[in-house]
1. Got a sec? Which residues in the stretch 1-44 would a label at Leu210 touch, if it sits 7 Å along Cα→Cβ and we count backbone N under 18 Å?
2. How high is the FRET efficiency from Glu103 to Glu51, r the C-beta distance, R0 35 Å, rounded to 0.05?
3. So what's the back-of-envelope 222 nm ellipticity for the chain, counting only DSSP H runs of four-plus at -39500 (n - 2.57) apiece and dividing by all residues, rounded to 500?
4. I'd like the Karplus ³J(HN,Hα) series for the stretch 212-224: coefficients 6.51, -1.76, 1.60, θ = phi - 60°, whole numbers in Hz, and an x wherever there's a Gly or Pro.
5. Need the full-extension length gain, Glu131 to Ala192, defined as separation in residues times 0.36 nm minus the C-alpha distance. One decimal, nm.
6. Using label points projected 7 Å from each Cα along Cα→Cβ, tell me how many nm separate Asn38 and Lys201, to one decimal.
7. Within the stretch 39-181, how many Lys pairs that are eight or more residues apart, or on different chains, come under 24 Å at the alpha-carbon?
8. Which value in nm describes the separation of the simple spin-label points at Met1 and Asn177, placed 7 Å from the Cα toward the beta carbon?
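Laboratory data are not the source of any read-out in this text; all were calculated from the coordinates shown. Because the structure is predicted, anything quoted here is derived from the model rather than measured. Glycine gets a Cβ as well: all are built from the backbone with ideal geometry, and neighbour counts include every protein chain shown.
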Amino acid sequence: MLNEKVAIITGASRGIGAATAALFAKHGAKVVVNYANNVSAAEEVVTSIRENGGQAIWVQADVRNEDDMSSLVDQTISHFGKVDILVNNAAINFAMKSFSDMEWDEFRLKLEEEMKAAFISTKSVLPMMKEQKYGKLVYISSGLSHQPLPGFIAHGTAKAAMNSFVRYLAQELGPYNITANTVAPGMVDTDATKHTPAEEKEKTAMFTPLGRIANPEDVARAALFFASDQSAFMTGTYAPVSGGMEMNS
């Protein structure tokens, strides 16, 4: 499905990113596992991919830093020869507060860092993708960008900005045969939700038509679809991966 394609996955040392890296490699991609701090987790992901016959390297980079991302792309090209796919997945921390309790600087920080990560990561891969007249850009958003929940105003607003950014990319980059699509998970069972009370997860599962919350592989499979040529004529798409929780968006 991704035979010989080269994929950079940001924030790929755990959770959705790690599951995406493993799945892409299983389907024939050469994978670059990007991580910010946790080198041992990134090594584990790469080792597991290699043990299963796949090809992967790990590269440290802060996705908000131009020099870091430029170096990551250079290392990818020197190792694998090209870049075909970018999965913009790295998680950006945010203040979990109501609007009433939030200061502008807390709110601004999430918006700025989220967009900076998407902006710089995309800029870094575009020269190669434009040159080869081929590219797949996949952005991991959140259902909270459409469906507000208490405490998530900074996160949801930042992801909504990214959703719009992706549509503009899709429009501008279409002539280069580069697609840009958004995958929007609902609640996912990862490290990020390990402190979410079990009752809350159960309640979410109860209100989900498919009767459970997502696991990282559910999200990875949607990313695989948009990274593959199965989605060749789809761009600017917002795809909820929420078990039916987000039907009206």
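1. Of the residues in the stretch 1-44, 15-21, 23-24 have backbone N under 18 Å from the label point off Leu210.
2. On the way: r = 47 Å, r/R0 = 1.35.
Once the sixth-power term is evaluated, E becomes 0.15.
3. Calculated from helices alone, the mean residue ellipticity at 222 nm is -15000 deg cm²/dmol.
4. Values, residue by residue: 7, 8, 6, 10, x, 5, 4, 6, 4, 5, 5, 4, 4 Hz.
5. Extra length from Glu131 to Ala192 when fully extended: 18.3 nm.
6. Taking the two extended label points, one gets 1.5 nm.
7. Close lysine pairs found across the stretch 39-181: 17.
8. With each label placed 7 Å out from Cα toward Cβ, I get 2.2 nm.
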